[in-house]
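The next block holds one structure in the form of structure tokens; read it before the comments.
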Amino acid sequence: MSSWLKRKSRIEKLEQKYAELMRKSFRVALKDRKESEKVQKQAYKVFDEIKYLTLQRADK
């Protein structure tokens with residue numbers, strides 16, 4: 001019951017956003033390749049931020 005009260009960490013939010021962007025990129029790729037590449041570029045930026053934050057957390 002307390003699991004739904006728990007707040008998501010910044011990394012969890014970014015992971016969710018990354019997954020949504022990759023799904024969107026796949027759906028859009030069927031219609032428009034260039035738009036898919038734009039969305040994929042956004043997803044990779046989010047992924048880079050996830051990597052940075054996890055490495056920063058590992059240093060502690």
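Rule-based calculations on the coordinates, nothing more; no lab input. Bear in mind the structure is a predicted one, so any value in this text is a computation, not a measurement. In this analysis, Cβ positions are derived from the backbone assuming ideal geometry, glycine residues included, and neighbour counts consider all displayed protein chains.
At a threshold of 8 angstrom on Cα-Cα distance, excluding pairs fewer than six apart, so keeping six or more, what relative contact order does the chain reach in percent?
So the answer I get is 37 percent.
Whole-Hz Karplus ³J(HN,Hα) for the range 38-49, in order, using 6.51 cos²θ - 1.76 cosθ + 1.60 and θ = phi - 60°, x for Gly and Pro?
Result, rounded to whole Hz: 5, 5, 5, 5, 4, 4, 5, 5, 5, 5, 4, 5.
Give me the net charge of LYS38's neighbourhood, meaning all other residues with Cβ under 14 Å from the Cβ of LYS38; Lys, Arg count +1, Asp, Glu -1.
My count for the surroundings of LYS38 gives +4.
Can you give the helix-only mean residue ellipticity at 222 nm for the chain, where every DSSP H stretch with n ≥ 4 adds -39500 (n - 2.57) and the sum goes over all residues, rounded to the nearest 500 deg cm²/dmol?
Mean residue ellipticity at 222 nm (helix-derived): -27500 deg cm²/dmol.
For P(r) over Cα pairs in 10 Å bins from 0, in percent, one of (i) 25, 69, 7; (ii) 22, 37, 27, 12, 1; (iii) 30, 58, 12, 1 was computed from the structure I shared and the rest are decoys. Which label?
(ii)
In sequence order, what are the phi-derived ³J(HN,Hα) couplings for the range 17-34 according to the Karplus relation 6.51 cos²θ - 1.76 cosθ + 1.60 with θ = phi - 60°, rounded to whole Hz, with x for glycine and proline?
5, 4, 4, 5, 5, 5, 5, 4, 4, 5, 5, 5, 4, 5, 10, 9, 5, 5
Express in nm, to one decimal, how much length is gained between PHE26 and GLU49 on full extension, taking 0.36 nm for each residue of separation and deducting their alpha carbon distance.
6.2 nm is the gain from fully extending PHE26 to GLU49.
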